[in-house]
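Below is one structure, written out as structure tokens; comments come after it.
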Amino acid sequence: MKIAIIDDERPARSELRYLLSQVLPEAEIFEADGVKTADALMKEHIFQAIFLDINLGEVSGTVLASAIKEHQKKAAIVFVTAYQEYAVKAFELGAVDYILKPYDLDRIKKTLKRLEEQGYFAEEKETEKYEELDKLAVNAGDKIRLIDYRDIIYIEYNQRNSLIHTADNVYTENYTMTALTEKLEKKNFFRIHKSYLVNLQYMEELVPNLSNGYEVRLKHCPGELLPVSRSQIRHLKQLFEI
């Protein structure tokens, strides 16, 4: 857990640091005395809580708070001030709380409890530290192969299994079509039918059939035509501005 204290008065920083360490001895606490040192901290670390003095001298803490949010989107900002009238402004800027100087240990405890209850001190899941990779894991014999999304031509749902078609292979997996659609629909895939999810990059033709419907012809799939459900024809045409 990392906490930042931004205050241009060293005694105030030291006092707040001491009180915070009494309640959260395991926390890493960093200090900044102005805009430059605060900016360096924000770029170097990810903080769970930032205690920000409203009166920094060179610039208002309320102005600095907006800039901080660019780097620390998930951090709780707590304003510290000697003036009661800044309380309303603090909440208007999205602060979770504000603390009046001089500091009081019970008030610090109350603020930290509020942050904990609102989830700011929750441990980050390991998977949330990384951006989602554009790859799908499939079984390939005794190996697990990671297929780039762009290499998947289409996915067919057949008898409780998903058949993942690439240019050189077909992989059978137990992914549900719903799960695959949620994962891939933002990656240029489109559910043309309850049983088919296609990569739009491989679409070559939209072909009318004898049932007054349409079928899709895909690159690398000669002789194959995949059905488009009537409910999806209009949406598909809109995608291509037909």
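The values are calculated or read from the model by the stated rules, or taken from the named source; none is laboratory data. Please read all numbers here as calculations on a predicted model, not as lab measurements. Glycine gets a Cβ as well: all are built from the backbone with ideal geometry, and neighbour counts include every protein chain shown.
Some observations on this one:
- R145 of a type in the set (K, R), modelled with pLDDT under 95, on the phi < 0 side of the Ramachandran plot and surrounded by fewer than 16 Cβ atoms within 10 Å (Cβ to Cβ): yes
- Of the residues making up segment 100-118, those that are within 17 Å of Q48 (Cα to Cα) and either in contact (Cβ under 8 Å) with a residue 60 or more places away in the chain or hydrophobic (A, V, I, L, M, F, W, C) (or both) number 4.
- Tally, over segment 85-116, of residues that are of a type outside the set (S, T, Y), modelled with pLDDT under 90 and farther than 17 Å from R13 by Cα: 12
- Residues that are among the aliphatic types (A, V, I, L, M) and in a loop (DSSP other than H, G, I, E, B), drawn from segment 206-242: L210, L225, I242
- Strands (runs of 3 or more DSSP E) wholly inside segment 96-204 containing at least 3 residues that are not assigned by TED's automatic domain parsing to the domain that holds E15: 135-140, 143-148, 152-158, 161-166, 170-173, 189-193, 196-199
- Test for A82: is it within 29 Å of the chain's Cα centre (by Cα) and either in the same structural domain as L112 (by TED's automatic domain parsing) or modelled with pLDDT under 85 (or both): no
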